Amino acid sequence: MDTDAFLAEVREANETALSRLGSSKSLYAFTDGELEAAAVASVAANVAHAAAAALEAYAAGASSDAAAAAFTAFGDLAAEHAGTAESISDDVPALESHDAVAALGDYGDGSDASDAERLGALVGYALVAKKLAEQSTGFFTGEADPRTASTFRSYGSDVEAHRDDALDALAVVVDGDADREAALAAATAVVQGAYEEYTARLEAMGVNPKPVC
């Protein structure tokens with residue numbers, strides 16, 4: 001399987017969603033309009049916490065060593081980031097799941113999802129997480145907090161590295177076009193799930209979600 005072509009196809013299929021999730025409105029949407037350090041850190045913590053919980057379940061149900069290793073490594077990264085983000089401010093509430101990545105759970109326990117589908121979902125999550133990390137980096141840069149901005153910048157780089165590991169695992173487990181299409185559908189479902197949450201939150205605040213700036 002050509003992993004570069006797969007990633008390009010995921011991006012192309014979700015071009016609008018990824019563009020808007022990486023726009024200046026993204027954090028505004030996910031913080032429900034509260035663009036303050038504690039709110040931004042809370043979103044980061046809760047998104048990563050939700051991902052870590054989902055990936056723990058993925059790893060427990062994995063059918064291949066390659067998939068299990070990818071899920072465990074990315075899950076550990078997400079859990080570490082959740083804890084780091086939670087510690088940024090005393091005002092960050094206790095960790096809870098965030099609806100932006102609820103679609104990850106659709107491939108968890110009881111779903112009978114394959115390793116290919118779960119790895120596809122993980123690739124989709126990685127694309128969303130990278131966009132949010134970029135926006136958080138920009139926010140804390142604007143707040144004259146270079147240390148926290150650097151934390152998010154490093155997390156974004158780590159997300160990309162683990163995304164590539166997930167793609168390598170996907171190349172191992174995919175057996176034919178049906179597996180590849182299932183992985184693509186799962187990646188798209190996760191990205192679109194985040195985009196739907198973004199859209200719903202903006203609309204609830206009376207903001208047009210379509211313009212990107």
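Entry note, the chain: the mean residue ellipticity at 222 nm calculated from DSSP H runs of n ≥ 4, each adding -39500 (n - 2.57), is -24500 deg cm²/dmol after division by the residues and rounding to the nearest 500. When peptides 105-111, 67-73 are sorted by average Cβ neighbour count within 10 Å, with the highest value leading, the order is 67-73, 105-111.
Using Cα pairs closer than 8 Å and at least 6 residues apart in sequence, work out the relative contact order for the range 62-187, in percent.
Reported as a whole number, the value is 38 percent.
Across LYS210, LYS25, the residue with the most accessible area heads the list, and the full order at a 1.4 Å probe is LYS210, LYS25. Within the straight-line cut-off of under 16 Å between alpha carbons, the aspartates and glutamates reachable from LYS210 are GLU15, GLU196, GLU197, sequence neighbours fewer than 8 places apart in one chain being disregarded.
At the residue level, MET1 shows approximately 80 square angstrom of accessible surface with a 1.4 angstrom probe and all protein chains present.
For an R0 of 41 angstrom, estimate the FRET efficiency from the Cβ-Cβ distance between SER19 and SER89 and round to the nearest 0.05. Walk me through the intermediate numbers first.
Details: r = 29 Å, r/R0 = 0.71.
Here the calculated transfer efficiency is 0.90.
Split the accessible area of the chain by element, probe 1.4 Å, and carbon with sulfur accounts for 45%.
Just add up the charged neighbours of ALA187: K/R +1, D/E -1, any other residue whose Cβ is under 10 Å from the Cβ of ALA187. Around ALA187, the charge tally is -1. Stretching the chain fully between ASP76 and ALA102 yields a gain of 7.5 nm (0.36 nm per residue, less the alpha carbon separation). Could you state the accessible area per residue of the range 1-145 in Å², with a 1.4 Å probe and every protein chain left in place? I get 41 Å² per residue for the range 1-145.
What FRET efficiency would be calculated for the residue pair ALA144, GLU9, taking the C-beta separation as r and a Förster radius of 25 Å, to the nearest 0.05?
0.05
Distance from the Cα centroid of the range 1-39 to that of the range 58-72 is 25 Å (rounded to whole angstrom). Out of every Cα-Cα pair that the chain contains, those further apart than 21 angstrom amount to 49 percent. Of ARG147, ARG11, ARG20, the order by accessible heavy-atom surface (1.4 Å probe, DNA, RNA and ligands excluded), from most exposed downward, is ARG147, ARG11, ARG20. The packing ranking of peptides 31-37, 151-157, highest mean first, is 151-157, 31-37, where packing means the average number of other beta carbon atoms within 10 angstrom of each residue.
How would GLU15, GLU143, GLU117 line up by accessible area, probe 1.4 Å, largest first? Display every interim value, and only then the final one.
Details: GLU15 125, GLU143 105, GLU117 50 Å².
The ordering from most to least exposed comes out as GLU15, GLU143, GLU117.
The values are calculated or read from the model by the stated rules, or taken from the named source; none is laboratory data. Note that the structure is a prediction, hence the values are computed from the model and not measured. Every residue, glycine among them, receives a Cβ derived from its backbone with ideal geometry; neighbour counts consider all protein chains shown. Surface accessibility is based on the protein's heavy atoms, side chains included, excluding ligands, DNA and RNA. Shrake-Rupley method; radii C 1.70, N 1.55, O 1.52, S 1.80 Å.
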